[in-house]
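Down below is the structure, laid out as C-alpha cells.
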C-alpha cells in the first residue's frame with residue numbers, strides 16, 4: 001500500500017488507541033438532502049462515499065477509535081470568513097445561508113449517526129480543517145498519531161487535510177472508496193498522483209476488517 005510506513009501493517013497503523021477518523025464536510029448542505037452543490041452530492045451518492053464513510057465511523061466507534069467531524073459553517077453576517085479565492089467567494093455567495101451556524105444544512109448527514117463521544121470541530125474560514133482550528137491540539141490531547149480521512153472533496157479539502165496532517169507529523173490513511181472529487185475521474189487521478197504519495201491508500205472493507213471484533 002502506497003505511503004505505508006516501513007515495517008508497519010495496516011492493523012498497527014490503525015491501532016484504535018492512536019487513531020481518529022476525520023470526516024470532512026459530510027454535511028446536509030454539502031452532500032446530503034439539502035445539498036446546494038448538486039454535482040458533488042451526486043458524485044458522493046454515485047460512489048457510495050457517504051455510506052462507506054458511515055461504515056468506517058461505526059467500525060471506529062466499536063473498536064474504540066475516535067471520530068472527529070470537520071465541518072464548515074458561516075456566520076449570518078459573514079464575519080470571520082474571507083473572499084480571498086474563487087471557491088470561498090462562491091461559497092459565501094451561494095452557500096452561506098445553507099451553511100449558517102445552526103442551520104439544518106450545517107448539520108452532519110444522518111447516515112453518520114453521530115454519537116455523543118464524537119467530536120465536532122467547525123471552521124469559519126479557509127478550506128482545510130487543521131489551519132487555525134483546535135483540530136491538531138485536540139488530536140494530540142487524545143493521543144492520536146494516525147488519521148483516517150473520509151469525505152469531500154479530493155479537489156481541495158481532502159488533499160489539504162492529508163497534506164496538513166503529514167506536515168504535522170501524523171500518519172494518514174485514505175480509503176479510496178470513502179472520498180470523492182469532482183469530476184469523479186479527476187478525483188481518482190488525485191488519489192493516484194498525489195494522495196498515494198502522502199498516505200496509505202486502502203479501502204473501506206480493509207479498515208472495517210481491521211476494526212471488526
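The values are calculated or read from the model by the stated rules, or taken from the named source; none is laboratory data. Remember, predicted model here, so these are calculated numbers, not experimental data. A quick note on method: Cβ atoms are made from the backbone with ideal geometry, for glycine too, and the neighbour counts reach across all protein chains shown.
Just need a number here: residues in region 15-46 that are more than 17 Å from the chain's Cα centre (by Cα), part of a helix (DSSP H, G or I) and under 25 Å from residue 131 (Cβ atoms).
Qualifying residue count, region 15-46: 1.
Out of 162, 147, which single residue is touching a residue at least 60 places away in the same chain (Cβ under 8 Å) and within 15 Å of residue 24 (Cβ to Cβ)?
147
Could you tell me which residue of region 194-213 is modelled with the lowest pLDDT, considering only residues that are part of a loop (DSSP other than H, G, I, E, B) and more than 16 Å from residue 57 (Cβ to Cβ)?
That would be 213.
Determine whether residue 63 is under 15 Å from residue 128 (Cα atoms) and more than 16 Å from the chain's Cα centre (by Cα).
no
In region 57-78, how many residues are assigned to a loop (DSSP other than H, G, I, E, B) and either without any contact (Cβ under 8 Å) to a residue 12 or more places away in the chain or buried (at least 18 other Cβ atoms within 10 Å of the Cβ) (or both)?
Total satisfying the criteria: 3.
Looking at this structure, is residue 198 free of Cβ contacts under 8 Å to residues at least 40 places away in the same chain and either touching a helix residue (DSSP H, G or I) at 6+ places or on another chain (Cβ under 6 Å) or surrounded by 23 or more Cβ atoms within 10 Å (Cβ to Cβ) (or both)?
It is false that residue 198 is free of Cβ contacts under 8 Å to residues at least 40 places away in the same chain and either touching a helix residue (DSSP H, G or I) at 6+ places or on another chain (Cβ under 6 Å) or surrounded by 23 or more Cβ atoms within 10 Å (Cβ to Cβ) (or both).
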